[in-house]
Amino acid sequence: MNMETLIEDHLDSLWYTALRLTRHKEEAEDLVQDTCMKALIHRDSLQSRSKVKAWLLKILMNTFLNHQRKDKKLIQQDIDEDFLEPIFYKNGHYFDMEEEIFSKVLDDEVQKAIDQLSVDFKAVILLVDIEGLAYREVEDILEISSGTLASRLYRARRLLRTSLYDYAQAHGFGGGEENVVS
Amino acid sequence: MLCLETRKTLYTSEYPASATPKWLEAMRHVEDCPECKSFLEGEKSFGTLLQKAVRKHGVPKELKERLLKPPKTHEITRRKSIQRIAIGVSALFLVILSFFFIYHKSSSDIISQIVDDHLQFKGFSGIQVQSSAPEVIKTWYKGEVNFPVHLPGLTAQLRGARCCFFNHVKEALVYYEYKGSQVSLFILHKLPEGNIKAQKTYQINGKQVKILDVQGHTVVYWQNKGLYYFLISELSHDEILQLTRTSHI
């Protein structure tokens with residue numbers, strides 16, 4: 001299997017990640033195109049074909065973050081989390097997230113909620129939750145420690161949950177006492 | 001092991017390369033702790049729900065072809081050139097805009113400056129040429145400003161003159177004395193666009209004369225031979241109007 005085919009297999013992931021990171025189609029196109037070019041040039045550095053997705057996403061992420069650093073847009077937001085708050089718990093109630101929120105909000109709203117995250121948080125959500133990469137792969141891509149990854153992932157998920165929860169409530173879905181599973 | 005440490009341990013190391021004693025202890029804790037079990041399952045469940053909710057549209061065919069086809073060198077150069085031109089044009093626009101805001105003054109700003117300058121040079125201070133002869137003053141201005149200064153025939157005592165700057169342009173300030181008060185006559189050859197808003201307008205010697213009240217001062221304004229005249233003093237409204245009426249402006 002040649003590199004072009006390997007890239008094509010993961011083009012959807014590259015495109016979606018680029019689109020969410022840049023939030024502009026033209027910029028996303030440039031980013032994916034740069035990534036593809038770099039992948040073709042540095043094809044020898046791919047150690048294992050089983051890791052091609054993580055390898056491509058690492059190129060994409062590095063290209064994006066280097067550009068961000070040049071523009072000084074990157075904000076570091078690491079907080080020592082307590083890891084105590086359950087994800088399906090808010091405002092004093094447990095609730096069924098799927099029933100109450102995910103089934104009600106539009107896909108666009110989920111995209112918007114992801115787009116609103118800062119780059120640090122967005123990157124971990126995209127790589128861990130959306131692309132399903134292993135923690136170790138993400139730590140390698142973003143060059144962060146396991147503690148930092150855990151902290152960002154924990155916080156990013158809660159920020160997303162809050163956005164989706166607020167959206168669902170604003171549109172009359174869920175959040176009411178009768179819908180709450182306590 | 002406490003719940004906090006258990007969650008931290010398992011959150012940070014999903015599948016450790018080797019099972020450490022700490023990780024094993026955390027796993028044992030989860031088996032006996034429904035809250036921690038629920039917490040960790042919730043985290044995984046959220047990730048799965050999120051993945052499902054994000055409907056991944058495939059890359060459109062045209063875009064796919066474009067993305068997979070590396071751009072030719074001249075295309076990259078062209079795109080970068082366009083970007084550079086766009087940045088250049090934006091920068092130029094910003095410079096022009098900044099210049100406009102910094103250097104442009106409205107006519108009302110000019111009138112405020114006239115009052116300020118009159119106060120600054122009160123008591124005939126800053127006088128650069130002292131003379132009661134109009135010709136001397138006119139001749140002196142020839143080497144100072146780049147427009148011919150035409151002095152009106154004011155029925156006040158000519159005392160001298162100096163230059164002053166408006167919008168970074170050198171203009172004329174002529175000093176007179178009338179009824180014991182200094183009368184400053186500013187003669188400008190450039191004035192920002194915009195009407196001078198007057199409290200009253202008179203016709204004197206066939207010219208439209210406007211009277212303005214600015215910061216407690218009466219300013220008389222008229223135009224002649226392409227120049228803009230502003231007369232200001234501490235005289236009362238009636239006195240300065242009388243001076244204007246009795247003069248040949």
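The values are calculated or read from the model by the stated rules, or taken from the named source; none is laboratory data. Because the structure is a prediction, the values reported are computed rather than measured. Because the Cβ atoms are built from the backbone with ideal geometry, glycine has one as well, and the counts that use them run over all protein chains shown.
Which one is nearest to B:Trp222 (Cα to Cα) among residues in region B:144-197 that are of a type in the set (A, V, I, L, M) and outside any strand (DSSP E or B)? Outline the logic, then answer.
Just the residues of region B:144-197 that are of a type in the set (A, V, I, L, M), to begin with: B:145, B:149, B:151, B:154, B:156, B:158, B:161, B:169, B:172-174, B:183, B:185, B:187-188, B:191, B:196.
Now narrow it down to the ones that are outside any strand (DSSP E or B): B:145, B:149, B:151, B:154, B:156, B:191, B:196.
On the way: B:Val145: 20, B:Val149: 15, B:Leu151: 13, B:Leu154: 13, B:Ala156: 17, B:Leu191: 12, B:Ile196: 10 Å.
Only one residue tops the list, namely B:Ile196.
Being within 14 Å of chain B (Cβ to nearest Cβ), surrounded by fewer than 18 Cβ atoms within 10 Å (Cβ to Cβ) and touching a residue at least 40 places away in the same chain (Cβ under 8 Å) is the filter here, so list the residues in region A:7-52 that pass it.
Scanning region A:7-52 gives A:Asp9, A:Arg43.
Kindly evaluate A:Phe88 against the criterion of being modelled with pLDDT under 90 and crowded, with 17+ Cβ neighbours inside 10 Å.
Yes, satisfied.
Is it true that some residue in region B:232-241 is assigned by TED's automatic domain parsing to the domain that holds B:Asp116, part of a loop (DSSP other than H, G, I, E, B), surrounded by 12 or more Cβ atoms within 10 Å (Cβ to Cβ) and of a type in the set (A, V, I, L, M)?
Scanning region B:232-241 turns up at least one residue that is assigned by TED's automatic domain parsing to the domain that holds B:Asp116, part of a loop (DSSP other than H, G, I, E, B), surrounded by 12 or more Cβ atoms within 10 Å (Cβ to Cβ) and of a type in the set (A, V, I, L, M).
Please verify whether region B:156-175 includes one or more residues that are of a type in the set (Ser, Thr, Tyr), modelled with pLDDT of 90 or more, within 23 Å of B:Glu234 (Cβ to Cβ) and surrounded by fewer than 17 Cβ atoms within 10 Å (Cβ to Cβ). Steps first, answer last, please.
Within region B:156-175, the first condition is being of a type in the set (Ser, Thr, Tyr), and the residues that meet it are B:175.
Within this subset, residues satisfying the condition of being modelled with pLDDT of 90 or more are B:175.
From what is left, the residues that are within 23 Å of B:Glu234 (Cβ to Cβ) are B:175.
Those left that are additionally surrounded by fewer than 17 Cβ atoms within 10 Å (Cβ to Cβ): none.
Within region B:156-175, none of the residues are of a type in the set (Ser, Thr, Tyr), modelled with pLDDT of 90 or more, within 23 Å of B:Glu234 (Cβ to Cβ) and surrounded by fewer than 17 Cβ atoms within 10 Å (Cβ to Cβ).
Which count do you get for residues in region B:43-62 that are surrounded by fewer than 19 Cβ atoms within 10 Å (Cβ to Cβ) and either more than 7 Å from every other protein chain (Cβ to nearest Cβ) or more than 48 Å from the chain's Cα centre (by Cα) (or both)?
Result for region B:43-62: 10.
Results for (1) part of a helix (DSSP H, G or I); (2) modelled with pLDDT under 85; (3) farther than 15 Å from B:Arg162 by Cβ, shown as yes or no for each residue.
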site	(1), (2), (3)
B:Val89	yes, no, yes
B:Leu92	yes, no, yes
B:Leu97	yes, yes, yes
B:Phe100	yes, yes, yes
B:Lys105	no, yes, yes
B:Leu119	yes, no, no
B:Ile127	no, no, no
B:Ile137	yes, no, no
B:Tyr141	yes, no, no
